[in-house]
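> The structure is given below, and queries will be raised subsequently.
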Amino acid sequence: MKFEQKGDKLVDKNDIKELELKYKVILPNDYKDYMLEMNGLFSKKTLYFKPEIWGEDIEFFYVLPIKYGSDIFERANLKDEFFDFPENHITIGVTYTGNISMSLKESEYGSIYVFYSDGEMHKLANSFTEFLDGLKEL
């Protein structure tokens, strides 16, 4: 499946290193490699992810670019009093009804989840690569 770049331009290794230092995180290599190549993900076609553990299709919108765009990683990860972000997770994308997060917990490092504003979370994939491989056209 062919994806399109989401950010207005590409990022380089310095952009990613700057983000890691600012947020005090180490991002998984498959995620960093993809961001260097595409800086986010967007498709003109409707995409969905169907987790094996339950029957509900999750309509996927996009993966946030690291920078260089209107809806970027930093804006999505600003903490506010109205939204309870999952602990040790970063927001990396958006679905029709929620957000896509990546776990930075040691025990599930790099795993991808969908989470909703009410705190409900479901694991989608063990890695960013596995998540991308699981996206299907509607």
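> Please give me the summed charge of the neighbours of I26: other residues whose Cβ is under 12 Å from its Cβ, Lys and Arg +1, Asp and Glu -1.
Residues near I26 contribute +1 overall.
> With the convex hull built on the Cα atoms of the range 86-137, state its orientation-averaged projected area in nm².
Working: hull surface 14.2 nm².
Computed as one quarter of the Cα hull surface, the answer is 3.5 nm².
> Where does the chain land on Rg(C-alpha)/(2.2 N^0.38 Å)? The partial results should precede the final answer.
Values: Rg = 14.0 Å, N = 138, 2.2 N^0.38 = 14.3 Å.
The value comes to 0.98.
> Check L124: other-chain or 5+ apart residues with amide H under 5 Å from its amide H, H built from backbone geometry?
I112, Y113, V114
> Using only DSSP helix segments of four residues or longer, with each worth -39500 (n - 2.57), what per-residue ellipticity at 222 nm results for the chain after dividing by its residue count and rounding to 500? Show your work: numbers first, answer last.
On the way: 4 runs with 32 residues, N = 138.
Only helices count here, giving -6000 deg cm²/dmol.
> Let me check against my output: what whole-number percent is the relative contact order of the range 63-138, with C-alpha pairs under 8 Å and at least 6 apart?
Values: 114 pairs, mean separation 13.9, N = 76.
In percent, rounded to a whole number, it is 18.
> What's the magnitude of the charge dipole for the chain around its Cα centre, counting Lys and Arg as +1 and Asp and Glu as -1 at the beta-carbon? Answer in Debye, nearest 20.
Details: 17 positive and 26 negative charges, 91 e Å.
The calculation lands at about 440 debye.
Each reported figure results from applying straightforward, stated rules to the coordinates on display, with no laboratory input. Values in this document were obtained by computation on a predicted structure and should not be read as measured data. Note that each Cβ is placed from the backbone with ideal geometry, even for glycine, and that neighbours are counted across all protein chains shown.
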